[in-house]
Amino acid sequence: MAFVKQRADDGDHGVDAPRHRIASFGRADASRRSDALLRSDAGSAGPEPPGGTPGTIDHRRSRRLGHPELWIWYLLAAVTYIGLGVFHKFLFNWFIGPIWLIAVVVIGPALWDWRRRSTRAGK
Amino acid sequence: MSWAAHQFEVYAIQAHLPKKMRGKVSFFGIYLGDFVPDFLSKFWVYGITINGKHYGSSIPHQWHRGWPGMGFTHTLFAAIAFTLAFWLWRRNRAFAIGFLLGYTAHALTDFNDSVGSMLLFPILTTSWSLQTWAYAATSDGGKYLDAAAYYSSLGLVMDLFWLAVVLCSWRVLTREHWRTQVVPADPKTWAWLGRWLPERGLVALYRATFFYGICRVIGWSTWAHFIARPVIDGTRRSGYPLDLSWTGPWWITARSLDHVNPWIVLPGTLMMLGAVYWAASKIWEPMGRAQARFTIRHGR
């Protein structure tokens, strides 16, 4: 009970300690904690990457994309979605739109990497 | 009604949270709050056609925004009632406040079209409408005519305005913002999603509503002005005519309901928006303390 009172007295928060700490610390620390959070839940035991730098591996051991490459995938998603949607308007839908982007950005680079690896292995 | 404005305002809220709430308000709460009003009411506005028979509302604007009808879904009363229900159920401050802000934004943004929303329901069932553009959802025209009218009127300007608001706060779309402000506010949900999606997928999920909004503006505008071949007043045209006049476009009859004097709508709505932000800010700390007590008592 004393604990409850003490938490209540500090005005804000007391909501849950880890979240409170994330908000209080600097951005870099919050960023590292986000990584740790995702990593722990995904069950991955690898070393923590340095602040989500492009080129490193994320919590699911997927490659982080650099800005230019990411832009290309987002642009591809937009062009294909708008291009098809204009002629098949049922695609302009709150469900299909977001799924389209996620599918292109997740599956596209994975397929691209797989193709590059198999081409290299073929040589 | 507003189209992509509802997608963009989710990020505008994220970018303009009071300082003490930054990094602590659930993005999913804001998104769901903004999504629920139309989710509950719009399915019957356009209706569905099965084997040539149309099922849907005979007076779509009355159903969507009026009373009797589902108009109560676009009110501050519903925003408060749903928020209260979520709060009593889960005692999750991050989600409840996010939901309240998202829902309020949706209800208030819809005051722009010719039908408006019943902002003071249930005290007053009269609509608050600025009549900026024509509400064009009809049982005959369906979604396509509605889209064509919206993107031929000041509705297009409204969408572009909200896009500009988000682009002026472009940092809200960055991976860094997602990592430092969005994930900490919703740790369990993002961690759960992280079991299936890589980081680039999670960030794409966060940005997906913005992406959908932009694609909607470009896609529907392109279709309405460059691809559609409508017949208006007996003349076949190449694209729907653009008309940026008040309560335009001229080629469709603006639907309307009994409404208050338009001159009091803008100041009244801004006051209501301010009141909701002020109230959210005032109840923030007490809700935090209540959540802490609930967490300890129930061991969550």
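Contact annotation: residue pairs with Cβ atoms under 8 Å, 6 or more positions apart or on different chains, pairing a residue in segment B:222-235 that is touching a residue at least 24 places away in the same chain (Cβ under 8 Å) with a partner that is loosely packed, with under 10 Cβ neighbours inside 10 Å, are B:Pro230/B:Arg236.
Among the residues of this structure, B:Leu119 does not count as one that is open to solvent by 10 Å² or more (accessible area, probe 1.4 Å), out of contact with any Cys (no Cβ under 7 Å at 6 or more places or on another chain) and touching a residue at least 12 places away in the same chain (Cβ under 8 Å). Considering only residues in segment B:87-116 that are in contact (Cβ under 8 Å) with a residue 24 or more places away in the chain and farther than 19 Å from B:His6 by Cα, the one that is nearest to the other protein chains (Cβ to nearest Cβ) turns out to be B:Arg93. Filtered by the rule that a residue be under 18 Å from A:Val79 (Cα atoms) and of a type in the set (Lys, Arg), segment B:209-266 gives a lone residue, B:Arg216. Yes or no: segment B:179-189 includes at least one residue that is in a helix (DSSP H, G or I), open to solvent by 30 Å² or more (accessible area, probe 1.4 Å), free of Cβ contacts under 8 Å to residues at least 12 places away in the same chain and among the hydroxyl-bearing types (Ser, Thr, Tyr). No, there is no match, as no residue in segment B:179-189 is in a helix (DSSP H, G or I), open to solvent by 30 Å² or more (accessible area, probe 1.4 Å), free of Cβ contacts under 8 Å to residues at least 12 places away in the same chain and among the hydroxyl-bearing types (Ser, Thr, Tyr). Close contacts from segment B:1-19, counting a first residue that is farther than 18 Å from B:Thr75 by Cα and a second that is part of a loop (DSSP other than H, G, I, E, B), with Cβ to Cβ under 8 Å and a gap of 6+ residues or different chains, come to B:Tyr11/B:Ser169; B:Ala12/B:Ser169; B:Gln14/B:Val25; B:Ala15/B:Ser169; B:His16/B:Ser169; B:Leu17/B:Val25. Looking across segment A:52-103 at every residue that is farther than 26 Å from B:Trp3 by Cα and of a type in the set (Lys, Arg), the one that is nearest to the other protein chains (Cβ to nearest Cβ) is identified as A:Arg60. Tell me whether segment A:77-86 contains one or more residues that are at pLDDT 60 or above, in a helix (DSSP H, G or I) and within 14 Å of B:Glu199 (Cα to Cα). No, segment A:77-86 contains no residue that is at pLDDT 60 or above, in a helix (DSSP H, G or I) and within 14 Å of B:Glu199 (Cα to Cα).
Taken over segment B:199-211, residues that are open to solvent by less than 10 Å² (accessible area, probe 1.4 Å) and either farther than 20 Å from A:Phe95 by Cα or touching a residue at least 40 places away in the same chain (Cβ under 8 Å) (or both) amount to 2. Taking each residue of segment A:98-119 that is within 16 Å of A:Arg60 (Cβ to Cβ) and looking for partners that are open to solvent by 60 Å² or more (accessible area, probe 1.4 Å) and not aliphatic (A, V, I, L, M) with beta-carbon atoms closer than 8 Å, six or more apart or interchain, yields A:Pro109/A:Arg63; A:Asp113/A:Arg63. Restricting segment B:34-90 to residues that are part of a helix (DSSP H, G or I) and in contact with a strand residue (DSSP E or B) (Cβ under 6 Å, 6 or more places away or on another chain), the residue that is surrounded by the fewest Cβ atoms within 10 Å (Cβ to Cβ) is B:His61.
The values are calculated or read from the model by the stated rules, or taken from the named source; none is laboratory data. Not measured: the values here are computed from a predicted model. Reconstructed Cβ throughout: ideal geometry from the backbone, glycine too, with neighbour counts over all protein chains shown. Note: accessible area is taken over every heavy atom of the protein model, side chains too, but ligands, DNA and RNA are not part of it. Shrake-Rupley method; radii C 1.70, N 1.55, O 1.52, S 1.80 Å.
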